[in-house]
Amino acid sequence: MICPYCGVDDDRVIDSRATDGGGSIRRRRECVRCEKRFTTYERVEKTARLMVVKRDGDRVPFDPESILRGVQAACGKRPIAEDQKEALVRSVEDELHREFEREVPSTEVGRRVALKLRALDPIAYLRFASEYYEFRSLDEVLKEVEDLMSRPREVRGHPGLFGEGAG
């Protein structure tokens with residue numbers, strides 16, 4: 001593994017463990033040259049690549065990095081840790097690989113991301129939903145906000161996010 005700090009390909013593994021979903025291995029490494037530590041993730045590549053069927057019928061390989069970019073854009077400057085975003089993407093990816101053999105509709109990918117964002121952070125969810133559901137009016141956005149507000153606070157994601165009296 002090439003050290004991200006000094007570029008030397010000489011390191012030792014300090015710690016290895018399976019990630020929560022079990023789909024990858026987290027390794028803590030230390031560069032032999034500069035002695036800095038870094039983390040790598042190894043994932044078993046599925047022999048049959050999952051293809052995403054876009055709305056226009058095009059098929060593209062499933063790319064978790066694409067989902068992560070969308071989640072990061074939706075989260076913007078929200079107080080959401082990067083590891084939470086990555087865990088959300090891994091969770092969606094694991095679900096899709098378990099439930100779909102070769103192809104998955106892009107609408108299904110988006111639906112799952114939206115549901116997980118909805119539970120994580122309502123503002124990030126609204127940002128994602130406005131793109132994914134293609135809201136065409138403020139009334140559609142308002143309806144979605146009202147739906148979010150009608151749910152119990154603990155289900156929304158962040159206690160107190162809508163003010164102390166909300167919920």
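The numbers here are math on the coordinates, done by the rules we state, and not lab data. What you see is a predicted model, and the numbers here were worked out from it, not measured in a lab. Here Cβ is always computed from backbone atoms with ideal geometry, including for glycine, and neighbour counts include all displayed protein chains.
The relative contact order of region 1-120 comes to 19 percent, based on Cα pairs under 8 Å that sit 6 or more residues apart.
For Asp11, the residues 5 or more places off, or on other chains, whose built amide H falls under 5 Å of its own are Val32.
Amide H contacts of Ser24: Thr19, each under 5 Å away and 5 or more positions distant or on a separate chain (H built 1.01 Å from N in the peptide plane; Pro and chain starts excluded). Computed 3J(HN,Hα) for region 94-104, one whole-Hz value per residue from the Karplus formula 6.51 cos²θ - 1.76 cosθ + 1.60 where θ = phi - 60°, is 4, 4, 5, 5, 6, 9, 10, 7, 10, 10, 9, glycine and proline marked x. Pairs of lysine residues in the chain that meet both criteria, 8 or more places apart or on different chains and Cα atoms under 28 Å apart, total 13. Coupling constants for region 5-18 follow from the phi torsions by the Karplus curve (6.51 cos²θ - 1.76 cosθ + 1.60, θ = phi - 60°), and in residue order they are 8, 10, x, 7, 9, 8, 9, 10, 8, 8, 8, 10, 7, 6 Hz; glycine and proline get x. Within the chain, the cysteines lacking any other cysteine Cβ closer than 4.7 Å to their own Cβ are Cys75.
Based on DSSP H segments of at least four residues, each scored -39500 (n - 2.57), the chain has a per-residue ellipticity at 222 nm of -13500 deg cm²/dmol. The DSSP beta bridges internal to the chain are antiparallel in roughly 85% of cases. Roughly what angle does helix 64-75 make with the longest principal axis of the chain, taking Cα atoms, 0 to 90 degrees, to the nearest 10? Between helix and principal axis, roughly 50 degrees.
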